[in-house]
Amino acid sequence: MKAYDRVKLFGMTHQMVERDLDQVEKRLGIDLQRSPRSQAVLDEDYYPQFEEAIRKEATSMSVYYQLFYCLEKSIRELVSDKLEAEKGPNWWDAAVPEEIRKEAAANMQREKDSGMTLRSTEDIEYTTFGQLTEIVKNNWQSFEDTFNSQKAFTKVMASLNVLRGPIAHCCALAPDEIIRLQITVRDWFRLME
């Protein structure tokens, strides 16, 4: 495993430890004061108008959103870095199936047409989790030195995609699904051992 990948693994492991410490604080009703919790983005005029139960649920779910944010960003970065190294600067056109390229371009165009700020100028940022899986599978020769099994990679990505749904669509994860998420994230890192 390359040093770059080890640093990424370290960062994701740190995120999981932070999440576990959050759970300890919650379960024991203590504040370890590890870091200040930023409330700067909350609109103090409107946020308090939401029901307290919804605000508490949002707080408890925020750690899973953060985990998935880090995971998705790192997967996209891994895919683009790996394919650029293997296929060159035009890797997107050379390595990504045409249908995925078309859908990503359509997603980017929808954002442009909305008049809002684009989330990115990188095409890969407009792909879905499932499309990322297909990109890797279609270029497996470029990833076989990173992931130890294509079948396991596909299985883990499918599990992550299902677990992503409630998080991305603002629903609470059931306790069993929290455990499943923890195991699946561990499986993700095990793929790169």
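The values are calculated or read from the model by the stated rules, or taken from the named source; none is laboratory data. A quick note: this is a predicted structure, and the numbers were derived from the prediction, not measured. Note that we place each Cβ from the backbone using ideal geometry, even for glycine, and neighbour counts take in every protein chain shown.
Selection of the range 114-153 for residues being free of Cβ contacts under 8 Å to residues at least 40 places away in the same chain, among the hydroxyl-bearing types (S, T, Y) and under 22 Å from K2 (Cα atoms) yields only T133. Given the condition in a helix (DSSP H, G or I), within 22 Å of the chain's Cα centre (by Cα), surrounded by 10 or more Cβ atoms within 10 Å (Cβ to Cβ) and touching a residue at least 12 places away in the same chain (Cβ under 8 Å), answer yes or no: does some residue in the range 37-57 qualify? Within the range 37-57, one or more residues are in a helix (DSSP H, G or I), within 22 Å of the chain's Cα centre (by Cα), surrounded by 10 or more Cβ atoms within 10 Å (Cβ to Cβ) and touching a residue at least 12 places away in the same chain (Cβ under 8 Å).
Looking only at residues of the range 113-127 that are under 22 Å from A168 (Cβ atoms) and surrounded by fewer than 15 Cβ atoms within 10 Å (Cβ to Cβ), we find that the one that is farthest from the chain's Cα centre (by Cα) is S114.
Quick grid of which residues meet (1) among the basic types (K, R); (2) closer than 30 Å to K56 by Cα:
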position	(1), (2)
P97	no, no
E111	no, no
L132	no, no
W140	no, no
N148	no, no
K155	yes, no
P166	no, yes
E193	no, no
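On the stretch given as the range 164-185, residues that are assigned to a helix (DSSP H, G or I) and touching a residue at least 40 places away in the same chain (Cβ under 8 Å) total 7. Looking only at residues in the range 119-146 that are part of a helix (DSSP H, G or I) and among the small types (G, A, S), the one that is farthest from R164 (Cα to Cα) is S142. The single condition among (1) exposed (fewer than 12 other Cβ atoms within 10 Å of the Cβ); (2) outside any helix (DSSP H, G or I); (3) at pLDDT 95 or above that E99 does not meet is (2). For residues that are surrounded by 17 or more Cβ atoms within 10 Å (Cβ to Cβ) and at pLDDT below 95, tally how many sit in the range 128-154. Result for the range 128-154: 1. The residues on offer are M192, M116, and the sole one that is out of contact with any helix residue (DSSP H, G or I) (no Cβ under 9 Å at 6 or more places or on another chain), outside any helix (DSSP H, G or I), over 16 Å from L67 (Cβ atoms) and not β-branched (V, I, T) is M116. Going by the structure shown, is I54 closer than 24 Å to P175 by Cα and at pLDDT below 85? Here the answer is no, as I54 does not meet what is asked.
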